[in-house]
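Peer 1: Dropping a structure here in structure tokens format, bear with me for questions.
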Amino acid sequence: MKAIVYPAIINSSIIAPASKSSMQRGCAAALLKKGKSNIYNFGKSNDDKAALSIIESFGAIVKNHADYLSIHSNGISSFSNKINCGESGLSIRMFTPIAALSHNEIEINGSGSLTTRPMDFFDEVLPQLGVNIKSNFGKLPLLVKGPLVPINIIVDGSLSSQFLTGLLMAYAAADAKSVTIHVTNLKSKPYIDLTLDVMRSFGLKIPANDNYEKFSFTKESHQAPTTKINYTVEGDWSGAAFLLVAGAIAGKIEVKGLQLNSSQADKAILNAIKDCGAKIVCRENEISVEKNTLTAFQFDATECPDLFPPLVALAAFCKGTTVIKGVSRLTHKESNRGETLKQEFAKLGVSILLEGDFMHVVGIEEAKSCSVSSHHDHRIAMACAVAALRANDKIEIENAEAINKSYPDFFNDLRNLNNNVFY
């Protein structure tokens with residue numbers, strides 16, 4: 001699919017999309033929480049659909065109602081010996097330890113860029129927990145056979161917090177007692193806060209968190225009685241970041257449906273928008289951002305690497321050179337995001353220098369009309385579309401359907417801000 005976006009001055013109000021980080025964790029928790037769970041404000045992205053398909057493969061019954069999903073679960077069962085995670089990095093990393101709770105051998109696969117991402121973590125960790133695992137030289141497909149037995153263990157958290165998310169949920173479901181997961185060099189700590197928040201909402205067993213270095217399950221770890229759960233998926237700060245940046249560089253926007261007390265790491269976009277000089281007003285359930293004189297800023301995205309694309313779209317129109325830290329977190333995304341951003345924004349006339357763990361973005365007045373590629377990366381497609389609002393003419397975005405991974409309504413929402421969007 002090709003999308004064409006023309007420059008525009010925006011002035012509009014919009015509702016944030018549902019958070020796939022919250023939605024996918026909610027699906028996993030609903031599977032592990034035996035009984036009935038209702039999920040409101042549910043997401044409809046490809047990653048969300050993958051998570052729902054996975055829990056159905058494990059025997060959960062999912063019904064779509066007008067404004068919520070109902071999920072009936074008896075826990076992990078042998079309904080299917082295969083699960084497919086699509087292109088969802090969170091699903092593969094979260095559901096693999098959960099699949100390892102089963103006595104049966106389960107094949108775990110995915111598609112697209114997910115098939116090239118390293119899964120050595122599981123080869124190293126799961127055998128320590130009594131799980132038989134086979135992989136394709138550290139990549140998909142995986143074959144796992146449990147049951148997983150919680151023990152004291154040390155894991156490396158430097159690649160992604162999503163591996164730890166899966167272990168925490170699996171330990172809780174296995175009724176872990178008097179065991180500790182020791183974690184070294186954990187990245188993206190806010191996502192672990194989100195995981196623990198979701199587990200708490202579903203009444204799963206919660207470990208004690210000792211400075212993100214030790215997660216200890218005790219006999220007294222909290223676990224609520226089995227009751228019907230009503231869970232509301234948060235608004236998505238990751239998707240909303242692109243909308244907020246659009247307001248900062250191209251007019252004014254009000255984004256509703258975001259929680260200011262959210263555990264989502266990408267809430268940090270507010271700091272960058274403030275630091276560059278845009279006008280911003282935060283109210284309960286509504287964030288207003290308005291264009292102003294924008295200047296270069298410094299930002300550490302190590303804990304929130306998904307913010308790199310909207311940060312680049314923002315920095316592209318800030319006077320001076322913006323410095324963003326955390327480039328090392330970008331290699332194993334849907335694309336090699338550091339290189340992809342450098343390549344595609346160069347077509348727009350934006351110079352990006354990658355130097356070790358730092359990205360330097362030189363601001364411009366307006367982007368050049370051109371054709372860019374998403375590289376099948378949803379966040380690259382959205383970043384280029386937002387930057388197009390400040391171009392001297394239309395920007396064509398190839399493979400724009402990549403947005404379906406996380407924010408399928410993105411171009412519809414952008415059209416509501418700017419009528420000159422075609423796809």
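No value in this document is a laboratory result; all are computed from the given coordinates. Everything numeric here is computed off the predicted structure, so don't read it as measured data. All Cβ positions, glycine included, derive from the backbone under ideal geometry; neighbour counts span all protein chains shown.
Peer 1: Taking each pair of distinct Cα atoms in region 344-387 once, what is the resulting Kirkwood hydrodynamic radius in Å?
Peer 2: On the way: mean 1/r = 0.0883 Å⁻¹.
Computed over Cα pairs of region 344-387, the Kirkwood hydrodynamic radius comes out at 11.3 Å.
Peer 1: Relative contact order, percent, of the chain when contacts are C-alpha pairs under 8 Å separated by at least 6 residues?
Peer 2: Details: 1018 pairs, mean separation 78.9, N = 423.
So the answer I get is 19 percent.
Peer 1: Return the Cα extents of region 28-75 along principal axes one, two and three, sorted largest first, each rounded to a whole Å.
Peer 2: Dimensions of region 28-75 along the principal axes of its Cα atoms: 24, 19, 14 Å.
Peer 1: Along Cα→Cβ, 7 Å out, is where each label goes; now give me the distance between the ones at residue 153 and residue 61 in nm to one decimal.
Peer 2: Computed distance between label sites residue 153 and residue 61 equals 3.3 nm.
Peer 1: Here's something else I'd like to know. Taking the Cα centroid of region 128-146 and of region 252-271, what is the distance between the two, rounded to the nearest whole Å?
Peer 2: A separation of 38 Å, based on Cα centres.
Peer 1: Can you give the Kirkwood hydrodynamic radius of region 20-218 from its Cα pairs, in Å with one decimal?
Peer 2: Working: mean 1/r = 0.0606 Å⁻¹.
Roughly 16.5 Å, rounded to one decimal.
Peer 1: Further, regarding this structure: What is the spread of the Cα atoms of region 264-423 along each of their three principal axes, largest first, in whole Å?
Peer 2: The Cα atoms of region 264-423 stretch 37, 34, 31 Å along the principal axes, largest first.
Peer 1: Given the pairs 36/187; 189/219; 2/44, which span a C-alpha to C-alpha distance of over 29 angstrom in this model? Walk me through the intermediate numbers first.
Peer 2: Values: 36/187 33 Å; 189/219 25 Å; 2/44 21 Å.
Beyond 29 Å between Cα atoms: 36/187.
Peer 1: Which loop GluC sites (Glu not before Pro) in region 191-269, with loop taken from DSSP, have no more than 16 other Cβ atoms within 10 angstrom of their Cβ?
Peer 2: Details: sites: 213, 220, 234, 254; in loops: 213, 220, 234.
Passing sites in region 191-269 are 213, 220.
Peer 1: Here's a follow-up. By DSSP, what percent of the beta bridges with both residues in the chain are antiparallel, rounded to the nearest 5?
Peer 2: Approximately 65 percent, going by the DSSP bridge assignments.
Peer 1: Then there is this: Can you figure out the FRET efficiency of residue 182 with residue 77, using R₀ = 30 Å and their beta-carbon distance, to the nearest 0.05?
Peer 2: Numbers: r = 31 Å, r/R0 = 1.05.
E(calc), rounded to 0.05, equals 0.45.
Peer 1: Can you bin every Cα-Cα distance in the chain into 10 Å intervals starting at zero and give me the percent of pairs per bin, rounded to whole numbers?
Peer 2: 5, 23, 32, 24, 13, 3, 0
Peer 1: So, one more: Would you mind counting up the charge near residue 190? Only other residues with Cβ under 12 Å from its Cβ, with Lys and Arg at +1 and Asp and Glu at -1. Walk me through the numbers before you get to the answer.
Peer 2: On the way: positive: 187, 189, 267; negative: 193, 197, 266, 303, 306.
Overall, the nearby charge balance is -2.
Peer 1: How large is Rg over Rh for region 255-344, taking Rg from the Cα atoms and Rh as the Kirkwood inverse mean of 1/r across Cα pairs? Walk me through the intermediate numbers first.
Peer 2: On the way: Rg = 13.6 Å, Rh = 13.9 Å.
My calculation puts Rg/Rh at 0.98.
Peer 1: Based on DSSP H runs of at least 4 residues, each adding -39500 (n - 2.57), what is the mean residue ellipticity at 222 nm of the chain after dividing by all its residues, to the nearest 500 deg cm²/dmol? Could the numbers behind the result be given before it?
Peer 2: Values: 12 runs with 126 residues, N = 423.
Mean residue ellipticity, 222 nm, calculated: -9000 deg cm²/dmol.
Peer 1: Based on the mean of other beta carbon atoms within 10 Å per residue, what is the order of 132-143, 53-64, most packed first? Please report the intermediate quantities before stating the final value.
Peer 2: Working: 132-143: 15.4, 53-64: 18.0.
Put in order of decreasing packing, that is 53-64, 132-143.
Peer 1: Would you mind working out the magnitude of the charge dipole of the chain relative to its Cα centre, with +1 at each Lys and Arg C-beta and -1 at each Asp and Glu C-beta, to the nearest 20 Debye?
Peer 2: On the way: 43 positive and 42 negative charges, 121 e Å.
Charge dipole of the chain: 580 debye, to the nearest 20.
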